[in-house]
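**Q** If you scroll down you'll find the structure; I have some questions about it.
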Amino acid sequence: MFRGSSFHKIDAKGRIIIPTRFREVIKANGDDGVTISRMDRCLVAFPFNKWHEIETKILSMAEKSAKMRRFRRVFIGGAFECNCDKQDRILIPPSLRQYAALDKEIVLVGVLDHFEIWSRDNWENENKVQEEDMQEEEVRNEIARLGI
């Protein structure tokens with residue numbers, strides 16, 4: 001599972017180093033890279049086998065609403081397979097770098113079955129929003145149901 005967060009830099013060519021603890025999870029699945037797409041002003045990175053499960057679920061959904069078609073179009077259509085190079089880096093395609101506003105400072109965040117790639121500014125804003133969410137009783141109750 002992907003856990004924790006770490007601060008990194010993205011180089012001028014758009015390459016990022018995958019932290020060792022994340023690489024170990026990727027390699028444990030027999031993969032040598034991840035599929036990356038966009039969501040919530042960040043990038044989501046899934047090991048190839050987990051991405052295949054997501055695609056299978058999306059294909060099996062009976063929901064064919066305009067919003068779901070749009071989601072499929074953007075989420076699947078905007079996805080890229082990114083293999084690790086010899087230095088355990090992945091190249092983030094320009095369109096994804098632009099979407100997530102990845103410039104120099106980035107944050108990689110483990111979210112159990114995937115990890116997210118945030119610009120540092122967007123990550124700091126996300127933390128502020130989360131703090132605001134924690135003030136809502138409904139959110140606190142939902143978290144309490146997890147036993148936390």
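**Q** For residue 83, are the conditions met, namely being modelled with pLDDT under 95 and either in contact with a helix residue (DSSP H, G or I) (Cβ under 6 Å, 6 or more places away or on another chain) or not basic (Lys, Arg) (or both)? Walk me through how you get there before you give the answer.
**A** Numbers: modelled with pLDDT under 95: no; either in contact with a helix residue (DSSP H, G or I) (Cβ under 6 Å, 6 or more places away or on another chain) or not basic (Lys, Arg) (or both): yes.
Criteria not met by residue 83.
**Q** A follow-up question, please. If you scan the range 70-87, which residues turn out to be loosely packed, with under 14 Cβ neighbours inside 10 Å and more than 11 Å from residue 38 (Cα to Cα)?
**A** 70, 73, 81, 83, 85, 86, 87
**Q** Within the set of pairs 6 or more residues apart or between chains, which connect a residue that is closer than 15 Å to residue 44 by Cβ inside the range 94-114 to a residue that is in a strand (DSSP E or B) and acidic (Asp, Glu) with Cβ atoms less than 9 Å apart?
**A** Correct list of pairs: 107/116; 108/116; 109/116; 110/116.
**Q** Also: If residue 107 meets every condition in (1) of a type outside the set (Asp, Glu); (2) in contact with a Phe, Trp or Tyr (Cβ under 8 Å, 6 or more places away or on another chain); (3) more than 29 Å from residue 125 (Cα to Cα) apart from one, which number is that one?
**A** Exception for residue 107: condition (3).
**Q** If I filter the range 6-19 for residues that are in contact with an Asp or Glu (Cβ under 9 Å, 6 or more places away or on another chain), closer than 21 Å to residue 122 by Cα and free of Cβ contacts under 8 Å to residues at least 40 places away in the same chain, do I get at least one hit?
**A** no
**Q** Could you run through the range 1-53 and say how many residues are in a strand (DSSP E or B), of a type in the set (Val, Ile, Thr) and farther than 23 Å from residue 75 by Cα?
**A** Matching residues across the range 1-53 total 1.
**Q** For the structure I just gave you, tell me whether residue 90 is in contact with a Gly (Cβ under 7 Å, 6 or more places away or on another chain), modelled with pLDDT of 95 or more and surrounded by 12 or more Cβ atoms within 10 Å (Cβ to Cβ).
**A** Taking the combined requirement at face value, the residue satisfies it.
**Q** Additional query: Just checking, does the range 98-113 include any residue being out of contact with any strand residue (DSSP E or B) (no Cβ under 9 Å at 6 or more places or on another chain), under 30 Å from residue 11 (Cβ atoms) and not in a helix (DSSP H, G or I)?
**A** Keep residues of the range 98-113 that are out of contact with any strand residue (DSSP E or B) (no Cβ under 9 Å at 6 or more places or on another chain), which gives 98.
From what is left, the residues that are under 30 Å from residue 11 (Cβ atoms) are 98.
Narrowing the set further to residues that are not in a helix (DSSP H, G or I) leaves none.
No, the conditions are met nowhere in the range 98-113.
**Q** State yes or no: is residue 101 among the small types (Gly, Ala, Ser) and touching a Ser or Thr at 6+ places or on another chain (Cβ under 8 Å)?
**A** yes
**Q** Give 126, 116 a once-over and let me know the one that is at pLDDT below 95 and surrounded by 10 or more Cβ atoms within 10 Å (Cβ to Cβ). Steps first, please.
**A** Values: 116 fails: at pLDDT below 95.
Step by step, each of 126, 116 is checked, and only 126 is at pLDDT below 95 and surrounded by 10 or more Cβ atoms within 10 Å (Cβ to Cβ).
**Q** Additional query: Given (1) touching a Leu at 6+ places or on another chain (Cβ under 7 Å); (2) loosely packed, with under 12 Cβ neighbours inside 10 Å, identify the lone condition not met by residue 67.
**A** It fails just one condition, (1).
**Q** Just name the residue that is nearest to residue 18 (Cα to Cα) out of those in the range 59-118 that are more than 17 Å from the chain's Cα centre (by Cα) and among the basic types (Lys, Arg). Explain how you work it out, then say what you get.
**A** Let us first name the residues in the range 59-118 that are more than 17 Å from the chain's Cα centre (by Cα), namely 59-70, 73, 85-88, 104.
Narrowing further to those that are among the basic types (Lys, Arg): 64, 67, 69-70, 73, 86, 104.
Numbers: 64: 36, 67: 33, 69: 32, 70: 30, 73: 27, 86: 12, 104: 15 Å.
The selected residue is 86.
The values are calculated or read from the model by the stated rules, or taken from the named source; none is laboratory data. Keep in mind it's a predicted model, so treat the numbers as computed, not measured. Please note: Cβ atoms are built from the backbone with ideal geometry, for glycine as well, and neighbour counts cover all protein chains shown.
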